[in-house]
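Okay, structure first, notes after.
The values are calculated or read from the model by the stated rules, or taken from the named source; none is laboratory data. No experiment lies behind these values; they were computed from the predicted model shown. Don't worry about glycine lacking a Cβ; one is built from the backbone with ideal geometry, like all the others, and counts go over all protein chains shown. The accessibility values were calculated without ligands, DNA or RNA, using every heavy atom of the protein model including side chains. Shrake-Rupley method; radii C 1.70, N 1.55, O 1.52, S 1.80 Å.
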Amino acid sequence: MKAFEVVAARDARHAVALLAEHTPTAKVKVIAGGTDLLADLKFASASHAPDVVVDISRAEDLRTIAVTGGGLSIGALVTHTEIMASPAIREMFPALVDAAHTIGAVQTRNLGTLGGNLVTAVPSVDSGPTLVALDAQVTVLGPGGERRMPLAEFFVGPRRTALKPDELLVEILIPTENLGKPACFLKFGLRKGQALALVNVAASFWVDAKTQTFRAPRVALGAVAPKVIHATSAEAYLEGRAIAPEAMAEAGRLAVGDAKPISDFRASAEYRKHLIAVLTRRALEGAYDVWQKKQSPAGRAR
Ligand SMILES: Cc1cc2nc3c(=O)[nH]c(=O)nc-3n(C[C@H](O)[C@H](O)[C@H](O)COP(=O)(O)OP(=O)(O)OC[C@H]3O[C@@H](n4cnc5c(N)ncnc54)[C@H](O)[C@@H]3O)c2cc1C
């Protein structure tokens, strides 16, 4: 491994100042929990290895989980374990807890951060589908200030995001109108723990209680395209449609056409297509289950 300099940031603004100072003359990387970056560094060729690493792990301002005027704000440094333990997230978005729970093992979840997971941007990123299905936005901070974009656009391709070299991901925001939106995340890997997803799917929708129809349905697919994608045909089909098992099954079939799965040593494209149809249907059923539980007297009392 090539030697590099480590500079520690006190907070987000300091991190951005350090990036601005070093990026013009050096290859610079940010380190948060290090679960992805350290593995990358071990195998990086000298031409790709960083000269300077900006350590943001002590930037406490990036560690908050709070409901703000804009929605549920999750700091980029919040770990998967902290997501699983957060009362606000457990109450409003059990699907995010389920997604965090599938990431690696306890040690990885204790160190690995939500920001690091999203910036790594592998197509199978497990926090991605639920957040995309909840129309999450991300806030990035650079020398010119903050900019915000939908997470679905932050992902550009395999291991590529819209982040510039001198920018930091600071916040993930689930907008106010989606607080408490019923959602469900499902992951299928070759074993239950420590496995990359062959396919991961999240679904969310509001239920129009009067007409029992889908409102603002979202289906997000991971590991079946170069980045996490919306299954737009399935979403368009469900909008305003009566909630029924047949509609959920048809949405699953349509979602297959929205994806571009590949064959690799883990699974064939055909098998992945089968998984997309089944998991999409089950994720829609799961989100409806979440809604129904909230309608029960016990659910409303919480
Ligand atoms: C054994 C093992 C199992 C794993 N299993 C899974 C799994 O099941 N599912 C899954 O999705 N992932 C898995 N991962 C991947 C990894 O743990 C997660 O992606 C983790 O959340 C990364 O966070 P981190 O803080 O460790 O990131 P780091 O390693 O610190 O950084 C990762 C990348 O993001 C950049 N970065 C980090 N934070 C920021 C920021 N705020 N702004 C700008 N750039 C930033 C870094 O420069 C680096 O390029 C696994 C990893 C290991 C080692």
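See the values below:
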{"quantity": "Nearest 10 degrees, 0 to 90: helix 269-295 Cα axis against the chain principal axis", "calculated": "70 degrees"}
{"quantity": "Selection of trypsin sites (Lys or Arg not before Pro), the stretch 173-206, meeting DSSP coil and at most 14 other Cβ within 10 Å", "calculated": "Arg191, Lys192"}
{"quantity": "Computed FRET value (nearest 0.05) for Ala209 with Thr232, which takes r as the C-beta separation and R₀ as 22 Å", "calculated": "0.30"}
{"quantity": "Nearest-ten-degree value, helix 245-258 long axis tilted from longest Cα axis of the chain", "calculated": "40 degrees"}
{"quantity": "Of Lys29/Lys227; Lys42/Lys164; Lys42/Lys273; Lys29/Lys187; Lys2/Lys192; Lys164/Lys293, pairs whose Cα-Cα distance is over 32 Å", "calculated": "Lys42/Lys273; Lys2/Lys192; Lys164/Lys293"}
{"quantity": "Heavy-atom accessible surface of the chain: percent carbon and sulfur, 1.4 Å", "calculated": "56 percent"}
{"quantity": "Translational diffusion of the chain, µm² s⁻¹ [Kirkwood Rh, Cα pairs; Stokes-Einstein; 25 °C; 0.890 mPa s]", "calculated": "124 µm²/s"}
{"quantity": "Listed peptides 222-231, 106-115 by packing density, highest first (mean Cβ within 10 Å)", "calculated": "222-231, 106-115"}
{"quantity": "Å² of accessible area per residue within the chain, as computed with a 1.4 Å probe and no ligands counted", "calculated": "46 Å²"}
{"quantity": "Sites Val7 and Leu38 - FRET efficiency at Förster radius 22 Å, r taken between beta-carbons, to 0.05", "calculated": "0.85"}
